[in-house]
Structure formats: structure tokens, C-alpha cells
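Structure record follows, encoded as C-alpha cells.
Values quoted throughout were computed directly from the atomic coordinates according to the rules given, and no laboratory measurement underlies them. Treat the numbers as computed from the prediction; the structure is a model and nothing was measured. Glycine gets a Cβ as well: all are built from the backbone with ideal geometry, and neighbour counts include every protein chain shown.
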Amino acid sequence: MRNNTSSVHIQAKMASFRNSLSRMEQKVIDYILDHPNEVIYLSVAGLAEKAGTSDATVIRTCRKLGLDGYQDLKVSLAQDIVTPLQDIQEEIEDGDSIGTVVSKCFFSAAQALQYTQDIQNAADIEKAADILFNARRVFLFAMGNSFPTALDLQNKLMHLDICAIAYENSHTQAVAASMLGAEDVAVAISHSGSSKDVVDAAKIAKSNHAFVISITNNMRSPLYNVADLPLCTASKETQYRVFSLSSRIAQMTLNYVLHTVIAYKHTEVVFDRFRQAEKSVKSKKY
């Protein structure tokens, strides 16, 4: 069970706990204290490499600090160093007019889309589209704020008559992943790439020979590494944020791109499916 750290700044707690830790755990603490603004952007593997330790040492250090895990460390650290306004939207400053706040929100979203477009590889997009179109089943795994992205992709694939089901519950994800086979596809979605349940589901699917596509904002994350075909978004939002807003827009746009590429490559097949889908909901509108 997590100890209560809310009343104690995590950096102060690290300093007080340091001498009770092992030499390798102290290296983790020292790096965090020396580079707090950098650490909130790093994955477990990234911090381990920077500190000259292992992933396991980083996780063990978090546990000894009374935290639930590495993500909890980043959230707690960010609460130490990030202002309340920055936690809402990282570019907003005290004294900004509402007009400026509106402009910064739109700029952040547009910037995330531009960054995401800049890192795309058309061949990877086409490969993902082909694999999804030819899949027997597509199971989508996501948690929390990434789940709406999974639902959006599920709906887009359904309109193409592709069997797609999105799962959010961690236990159901594990069971569903175990049912996949070589003709199936798992799409795992996590902004940080470090959602343990999503990574575990992806690993189970892969062990059963399903093809794994990931959508993440972190190219040095467990989810990126486990995927057969990782697709990435890119935004300036930090990985610690529970609600990474502009990156969600980038994720939804990737869904839109995949849907459009599939439809473009299979126009004759999907045209009738589109018409059928439109007729099915016609009676639902006034």
C-alpha cells in the first residue's frame, strides 16, 4: 500500500531517505534531484540509463519511497516543480488573458499535429492499414484517458466492416489478448507507453502470435519496444500528465489517417459498407 506522500514534497523525501538506500538506489535519487525537470520526460529505461542503473533498481527505489510505481514518481515530482497553471496547460502563465489562453490551446493542438505529421513514415502507415484491413479480429487495449482513442478507432474500423473490439478493464484485456492468434491484430494505446496493463496485454497478444501495433508518444518506452509496428505521436506535453490533451488530438488524427488510407486503398470494397452503415443509422436522426 502506498504511503501518504501528499503532505511531503517528494524531493525533500528523497533527500531524507537517501542514506538508507543502497548505492545503486542512491544513484537514482541523485540523478532525479540533480535533473528533476528532465526526469518528468524520461521513461523508466531512460532514467535507468541516465543514472547508470537498471529498470528494476528504479522501480525498487520508487517502492522504497512509498510510491505506487514510476508513473507515480513522475506525477509527484511534477507536483513539486510544475505550477498549477502549467499542470492545466503547460504554456499558460499567470496573467494571460482569456484570448491568450484560447490561442495557446489551439497552438498546442496544432503543434502536436505538426510534430506528429513530421515523424510519420508513410510506409509504416500503409503497412498498419493493410494489416488492420486483413485482420480476422482487431482487439484494442487502452486505459483511462487513452481509452476514448481506442473507442474512436474501434468505431472507424467498424464502419469499414472490420471486426474491432476495444477493452479497458485490465483483467478483460488479459483474457482477450490470450484469445488472439496469428490472424489477429492487437492495437495497444498509451501516451506514456508505460501503462503496465496495456503493455502486459500487448505482450500476451504477441506471445500468441498476434501482430501488435502500438500508438504512443514515447519512443523509449516498454510499449514501443514490444510492438511489431509502433506508431508514434509527438507533442511537447510531458509524460507524467494523467490528461495529456493535445497528444489525444494527435492520436485521434492517426486513427483518421488509418481509416482514410484503408478506405482509399479499398474504395470498391468499402463504398458499399459506408452506404450500409449510413442506412443503419438513418432512422436515428430527425
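Points worth noting:
- Choice from ALA202, ALA174, ALA12 with maximal GNM fluctuation in the chain (Cα, 10 Å cutoff): ALA12
- Working note: Karplus 6.51/-1.76/1.60 with θ = phi - 60° gives segment 205-212 the couplings 4, 5, 5, 9, 6, 6, 7, 10 Hz, where Gly and Pro are set to x.
- 3J(HN,Hα) along segment 184-194: 10, 10, 10, 10, 10, 10, 7, 4, 6, x, 10 Hz, from the Karplus curve 6.51 cos²θ - 1.76 cosθ + 1.60 with θ = phi - 60°, whole Hz, x for Gly and Pro.
- For VAL212, residues with placed amide H under 5 Å, excluding near neighbours: ALA186, ASP228, LEU229
- Cross-link pairs LYS27/LYS74; LYS127/LYS284; LYS50/LYS74; LYS127/LYS282; LYS127/LYS206; LYS127/LYS156 - those with Cα-Cα distance over 24 Å: LYS127/LYS284; LYS127/LYS282
- Using the Karplus relation 6.51 cos²θ - 1.76 cosθ + 1.60 with θ = phi - 60°, the per-residue 3J(HN,Hα) values for segment 22-32 come to 5, 4, 5, 5, 5, 5, 5, 4, 4, 5, 4 Hz, with x marking Gly and Pro.
- Put simply, the amide H of ALA164, placed in the peptide plane, has neighbours under 5 Å in VAL138, leaving out anything fewer than 5 places away on its chain.
- Annotation: for a label point projected 7 angstrom from Cα along Cα→Cβ of GLU268, residues of segment 150-188 with backbone N closer than 20 Å are 160-162.
- Set of aspartates and glutamates near LYS196 by C-alpha distance (under 18 Å), chain-local residues within fewer than 8 positions excluded: ASP55, ASP68, ASP72, GLU168, ASP228
- Based on DSSP H segments of at least four residues, each scored -39500 (n - 2.57), the chain has a per-residue ellipticity at 222 nm of -18000 deg cm²/dmol.
- Top positive-direction residue, dipole computed over the chain with Cβ charges, set HIS9, THR267, VAL138: VAL138
- Sorting the Cα pairs of the chain by distance into bins of 10 Å, from 0 upward, gives 6, 25, 29, 23, 11, 4, 1 percent per bin.
- Prolate/oblate/rounded label for segment 45-171 (Cα gyration tensor, a/c 1.5): oblate
- Eigenvalues of the alpha-carbon gyration tensor of segment 194-286, scaled by 5 and square-rooted, set the equivalent ellipsoid semi-axes at 31, 19, 13 angstrom, largest first.
- Å³ per residue enclosed by the Cα convex hull of segment 88-160: 126 Å³
- Each principal axis of segment 134-244 carries a Cα extent, and these read 36, 29, 24 Å when sorted largest first.
- For segment 101-194, trypsin sites (Lys or Arg not before Pro) meeting the loop criterion (DSSP other than H, G, I, E, B) and having at most 15 other Cβ atoms within 10 Å: ARG136.
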